Amino acid sequence: MSRPNTGSEPDPWRAPVIVAQIPDTGLHRKLEASAAERQAMAEVAGLREILSAQADFDVVPRSGGRVQVTGTVRARIGQTCVVTLDPIESEIEEEVDLVFAPEAEARRLADLIAEGQDEEAPPEVADPPEAIVGGIIDLGRLATDALFLAIDPYPRKEGVVFEPEVTAPDPEDHPFAALKALQDNKKGQ
């Protein structure tokens, strides 16, 4: 997943899960971002505010050291309408279904998928798994990524339509009007 937070800034919402401590039956995590975490996420995403952010995840171990994370991220965000510049609020609900694998395996699978894709054929192969870095899966970062990817970059108030102002062009207003004026001035002399 690509993230707006690519600098040296720390992740604004952290909820690490140690992979070695996940029981065979899996685990369920309900997360809710604090006011400070929501403010930091809003700054990173360029939003006016994040009023609420919650996530429900099921974390289930799979064969080969893989872990599947499924769930839902919900948020209420404050943005500015791109047409009227009025403040608006939007609801986000994003489904998450990702597989994580040990870092070396994730890299190997990503390379195999990249090699196997024909440039002319549409990619029909599933995405490679995400890497488990340092034995930890950060559910807060995962929720933040899902939230950021679901944000409408051009929010509009309901029912608002952009209508450009249309004016008839002035026949004397064209790139060569100055040259025509000089030519007319020269003829008059």
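The values are calculated or read from the model by the stated rules, or taken from the named source; none is laboratory data. Nothing here was measured: the structure is a model prediction, and the numbers come from that model. Cβ: placed from backbone, ideal geometry, glycine included. Neighbour counts: every protein chain shown.
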- Note on the structure: Across the stretch 27-53, the tally of residues that are within 30 Å of Ala101 (Cβ to Cβ) and either without any contact (Cβ under 8 Å) to a residue 24 or more places away in the chain or surrounded by 15 or more Cβ atoms within 10 Å (Cβ to Cβ) (or both) stands at 10
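For residues that are in a loop (DSSP other than H, G, I, E, B) and closer than 15 Å to Phe148 by Cβ, scanning just the stretch 23-47, find the one that is modelled with the highest pLDDT.
Going residue by residue through the stretch 23-47, those that are in a loop (DSSP other than H, G, I, E, B) are 23-26, 33-34, 46-47.
Cutting the leftovers down to closer than 15 Å to Phe148 by Cβ gives us 33, 46-47.
Details: Ala33: 97, Gly46: 91, Leu47: 94.
Ranking the candidates gives Ala33 first.
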- Message: Can you confirm whether Gln68 is over 18 Å from the mean Cα position of the chain (by Cα) and either within 30 Å of Val161 (Cα to Cα) or in a strand (DSSP E or B) (or both)?
- Response: yes
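Can you find even one residue in the stretch 73-88 that is of a type outside the set (Val, Ile, Thr) and touching a Cys at 6+ places or on another chain (Cβ under 8 Å)?
If we filter the stretch 73-88 for residues that are of a type outside the set (Val, Ile, Thr), which is where we start, we get 74-76, 78-79, 81, 85-87.
From the residues that got through so far, the ones that are touching a Cys at 6+ places or on another chain (Cβ under 8 Å) too are 87.
Within the stretch 73-88 (the criterion being of a type outside the set (Val, Ile, Thr) and touching a Cys at 6+ places or on another chain (Cβ under 8 Å)), the answer is yes, since at least one residue qualifies.
For the stretch 54-67, which positions are crowded, with 20+ Cβ neighbours inside 10 Å and under 12 Å from Gly26 (Cβ atoms)? Full working, then the answer.
Taking the stretch 54-67 first, the residues crowded, with 20+ Cβ neighbours inside 10 Å are 55, 57, 59, 67.
Within the stretch 54-67, Phe57, Val59, Val67 meet the criteria.
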